[in-house]
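Q: I'd like to ask some things about the structure below.
The values are calculated or read from the model by the stated rules, or taken from the named source; none is laboratory data. All figures in this text were calculated on a predicted structure; none of them were measured in a lab. Here Cβ is always computed from backbone atoms with ideal geometry, including for glycine, and neighbour counts include all displayed protein chains. For the accessible areas, the whole protein counts, side chains as well, though only heavy atoms, and no ligand, DNA or RNA atoms are used. Shrake-Rupley method; radii C 1.70, N 1.55, O 1.52, S 1.80 Å.
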Amino acid sequence: MGAWGASGLSSILSTPTMFADSFGFENLVAGSHVVFKERALQLTQAEREVKIDNARKLYAGVEVLRRFRNEALSEQGSNRQKVLSEAHKFSEYMAGTILDLSLPEKPISCSPQVLKNIQDVQGRLQNKNASSYHSNPPSTVVHNLFRATEDMLVRIEEKAGSVVSPDHKLSADELKYVLVEFLSGTNMLPRDAIGKFFNKSSKIGGILSGGSVYLEIVKKVVEKYGNGFTIKTFVIAVDKEKKVVAYEQGSNDDKVADVILTDDMIDRGGTMTTALQNAGGTFQNATIYSGNGRELPGEFQKRQTQKRMGHLTILFQDYADLSMAGKYVDADRIFEQANSYAKDNGVELQPGWYIRKAKIDELRKRK
C-alpha cells in the first residue's frame with residue numbers, strides 16, 4: 001500500500017496529537033472554491049468508523065511533512081536538497097496510501113505497517129519545529145485530501161465507468177474534468193496554466209505539506225488512468241513570514257519552460273505569493289504560474305537588481321556624507337563594502353561612486 005523505499009523512512013516526530021474527527025470541514029478551505037463530489041455509498045456505522053480511523057492514523061504524516069519543511073528551510077545547498085528529496089518521497093508515500101484506501105467501495109482498514117512506517121520517520125526530526133503557518137490542524141488536511149481523492153474517483157467513474165476496470169484511458173480533456181477541483185477549485189489556475197499542465201516542458205510544484213501530497217495524488221491518478229500522460233513534480237518549502245523559499249531542484253531546471261505552483265488550500269494567498277515571487281531564482285527561463293498571478297522569465301532577476309541597486313543607493317549616501325565630512329578612512333570602508341556587495345550580487349557600481357572616489361583621492365594628495 002503506497003510503497004516507500006527502505007532508505008526513505010529514517011525516524012521523525014514525537015507522539016502526534018489526535019484531533020477531533022469531522023468530515024464537515026469543507027467550509028474551512030478558505031480561499032478555495034471546491035465542490036467535492038461524493039460516492040453514493042450506503043455505509044454502516046462500523047464502516048464509517050473505519051474511514052475515520054484510517055484518516056486518524058495519517059494525521060502524524062502531515063506533521064512529519066511540516067517538520068521536513070522546517071528542516072529544509074534551516075539547511076542550505078546539498079543538505080537542503082536532500083531534505084526536500086526525502087519530503088518528496090514521503091509525500092508520494094502519503095499519496096499512495098490515501099489513494100489505495102480510497103479505491104475500494106467498502107472501506108478497508110489501514111495496514112498496521114503504514115502507521116509503523118510513519119512512526120519510524122518520527123525519530124530523526126523529533127527536535128525539529130512542526131509549526132505551520134496555516135491554522136488548520138493535520139486532521140483537517142487529511143480529511144480534505146480524502147475528500148479530494150474521492151471527488152477524482154467519482155469523476156473517473158463518470159468518464160470511464162469504473163475505477164477498478166475503466167473502459168478506456170482518459171484523454172487530456174477528460175483528465176482536466178477529473179482534476180477540475182484541484183486545478184480550478186483549490187488552486188484557481190488560469191486557463192493558460194491548465195493548458196500547459198501535461199506538457200513535457202512543464203514542472204508542477206506542490207507546497208509542503210498538504211499541497212505536496214495532493215499533487216502526488218493527482219500525479220498517480222494521471223498516470224494510472226490517463227492515456228500515456230505524466231507530470232513532473234517537485235516540492236516547495238515556504239516561510240511566508242521571513243520570505244524564504246526552498247525549491248526541490250532537478251538537473252534540467254534551466255530547460256523548464258513553464259512552472260505551475262499548487263497547494264491544497266490557498267487561504268489568504270501569502271504562502272503562494274511568496275512561492276511565486278521567488279521561483280524565478282531557481283527556474284530562470286520559465287514562466288511561473290499560480291492562482292495568485294504569473295511571472296515571466298527575467299522578472300525575478302529584474303526585481304532583485306532593483307533591490308540591490310536600492311541598497312547601493314543608501315550606501316552611496318553614507319559614502320557621500322562621510323567624504324564631505326572629511327572622514328576618508330570611513331568613506332573608504334563604505335566604498336569597499338559597496339564594491340564587494342556589487343561583485344557578490346552581479347551588479348555594477350554607478351559612475352558616481354568612482355567620481356567621488358577620485359575627488360577623495362585628489363583631496364588626500366593636497367594634504
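Q: Sort out which residues of the stretch 232-249 are surrounded by 19 or more Cβ atoms within 10 Å (Cβ to Cβ) and under 20 Å from THR149 (Cα atoms), and write them in order of number.
A: THR233, PHE234, VAL235
Q: Is there a residue in the stretch 78-87 that is modelled with pLDDT of 95 or more, within 19 Å of LEU145 (Cα to Cα) and not acidic (Asp, Glu)?
A: Yes, that holds for at least one residue.
Q: Within the set of pairs 6+ apart or on separate chains, which have a first residue in the stretch 101-126 that is in contact (Cβ under 8 Å) with a residue 40 or more places away in the chain and under 17 Å from ALA60 (Cα atoms), a second that is of a type in the set (D, E, K, R) and crowded, with 16+ Cβ neighbours inside 10 Å, and C-beta atoms under 7 Å apart?
A: Pairs found: CYS110/LYS57; VAL114/LYS57; LEU115/LYS57; LEU125/ARG67; LEU125/GLU71.
Q: Follow-up question, since we're still on this one. Which one is least open to solvent (accessible area, probe 1.4 Å) among residues in the stretch 107-118 that are over 25 Å from the mean Cα position of the chain (by Cα) and either more than 15 Å from THR149 (Cα to Cα) or of a type in the set (Ser, Thr, Tyr) (or both)?
A: Only one residue tops the list, namely CYS110.
Q: Among the residues in the stretch 75-87, are any touching a residue at least 12 places away in the same chain (Cβ under 8 Å), closer than 19 Å to GLN119 by Cβ and among the polar types (S, T, N, Q)?
A: No.
Q: With the requirement that a residue be crowded, with 24+ Cβ neighbours inside 10 Å, of a type in the set (Ser, Thr, Tyr) and either out of contact with any Cys (no Cβ under 8 Å at 6 or more places or on another chain) or not in a helix (DSSP H, G or I) (or both), what does the stretch 70-97 give you?
A: SER91, TYR93
Q: Exactly one of (1) in contact with a strand residue (DSSP E or B) (Cβ under 9 Å, 6 or more places away or on another chain); (2) on the phi > 0 side of the Ramachandran plot is unmet by GLY346. Its number?
A: Failed condition: (1).
Q: Further question on the same structure: Looking for something in contact with an Asp or Glu (Cβ under 7 Å, 6 or more places away or on another chain), polar (S, T, N, Q) and either open to solvent by 40 Å² or more (accessible area, probe 1.4 Å) or part of a strand (DSSP E or B) (or both) - is there at least one such residue anywhere in the stretch 260-270?
A: Among the residues of the stretch 260-270, not one is in contact with an Asp or Glu (Cβ under 7 Å, 6 or more places away or on another chain), polar (S, T, N, Q) and either open to solvent by 40 Å² or more (accessible area, probe 1.4 Å) or part of a strand (DSSP E or B) (or both), which makes the answer no.
Q: Checking SER212 against (1) among the hydroxyl-bearing types (Ser, Thr, Tyr); (2) open to solvent by 10 Å² or more (accessible area, probe 1.4 Å); (3) modelled with pLDDT of 95 or more; (4) under 21 Å from HIS88 (Cβ atoms), only one condition comes out false. Which one?
A: For SER212, the exception is condition (2).
Q: Using beta carbons and a limit of 6 Å, which pairs, at least six apart or on different chains, have the first residue in the stretch 234-256 and in contact (Cβ under 8 Å) with a residue 24 or more places away in the chain and of a type outside the set (S, T, N, Q) and the second one open to solvent by 90 Å² or more (accessible area, probe 1.4 Å) and not in a strand (DSSP E or B)?
A: ASP254/ASN285
Q: Looking only at residues in the stretch 33-58 that are of a type in the set (Asp, Glu) and open to solvent by less than 60 Å² (accessible area, probe 1.4 Å), which one is farthest from GLU158 (Cα to Cα)? Explain how you work it out, then say what you get.
A: The initial filter retains those residues of the stretch 33-58 that are of a type in the set (Asp, Glu), namely 38, 47, 49, 53.
Pick out the ones that are also open to solvent by less than 60 Å² (accessible area, probe 1.4 Å) and you get 47, 53.
On the way: GLU47: 24, ASP53: 28 Å.
It comes out as ASP53.
Q: I want to confirm something. Restricting to the stretch 220-231 and keeping residues that are open to solvent by 10 Å² or more (accessible area, probe 1.4 Å) and not β-branched (Val, Ile, Thr), which single residue is nearest to LEU84 (Cα to Cα)? If you could, list the steps in order and put the result at the bottom.
A: Quick first cut of the stretch 220-231, residues open to solvent by 10 Å² or more (accessible area, probe 1.4 Å) only: 220, 223-224, 227-230.
If we keep only those that are not β-branched (Val, Ile, Thr) too, we end up with 220, 223-224, 227-229.
Working: LYS220: 20, GLU223: 23, LYS224: 25, ASN227: 30, GLY228: 27, PHE229: 25 Å.
So, considering only residues that are open to solvent by 10 Å² or more (accessible area, probe 1.4 Å) and not β-branched (Val, Ile, Thr), the one nearest to LEU84 (Cα to Cα) is LYS220.
Q: Suppose we filter the stretch 347-367 for residues that are closer than 18 Å to ARG308 by Cα, assigned to a loop (DSSP other than H, G, I, E, B) and open to solvent by 70 Å² or more (accessible area, probe 1.4 Å); how many remain?
A: Summing the residues that are closer than 18 Å to ARG308 by Cα, assigned to a loop (DSSP other than H, G, I, E, B) and open to solvent by 70 Å² or more (accessible area, probe 1.4 Å) in the stretch 347-367 gives 2.
Q: Being open to solvent by less than 10 Å² (accessible area, probe 1.4 Å), on the phi < 0 side of the Ramachandran plot and small (Gly, Ala, Ser) is true for just one of ALA275, ALA172, ALA257. Which residue is that?
A: Answer to the check: ALA275.
Q: For residues in the stretch 327-346 being closer than 26 Å to LYS302 by Cβ and assigned to a loop (DSSP other than H, G, I, E, B), which is modelled with the highest pLDDT?
A: So the residue we want is ASN345.
Q: Taking the stretch 278-291 as the region of interest, how many residues are surrounded by fewer than 22 Cβ atoms within 10 Å (Cβ to Cβ) and polar (S, T, N, Q)?
A: Residues flagged as surrounded by fewer than 22 Cβ atoms within 10 Å (Cβ to Cβ) and polar (S, T, N, Q) within the stretch 278-291 amount to 4.
Q: Looking at the stretch 103-206, what helices (runs of 4 or more DSSP H) fall wholly within it and have at least 2 residues that are touching a helix residue (DSSP H, G or I) at 6+ places or on another chain (Cβ under 7 Å) and modelled with pLDDT under 95?
A: 112-120, 138-160
Q: Determine, yes or no, whether ILE217 is touching a Leu at 6+ places or on another chain (Cβ under 8 Å), crowded, with 19+ Cβ neighbours inside 10 Å and under 18 Å from TYR289 (Cβ atoms).
A: no
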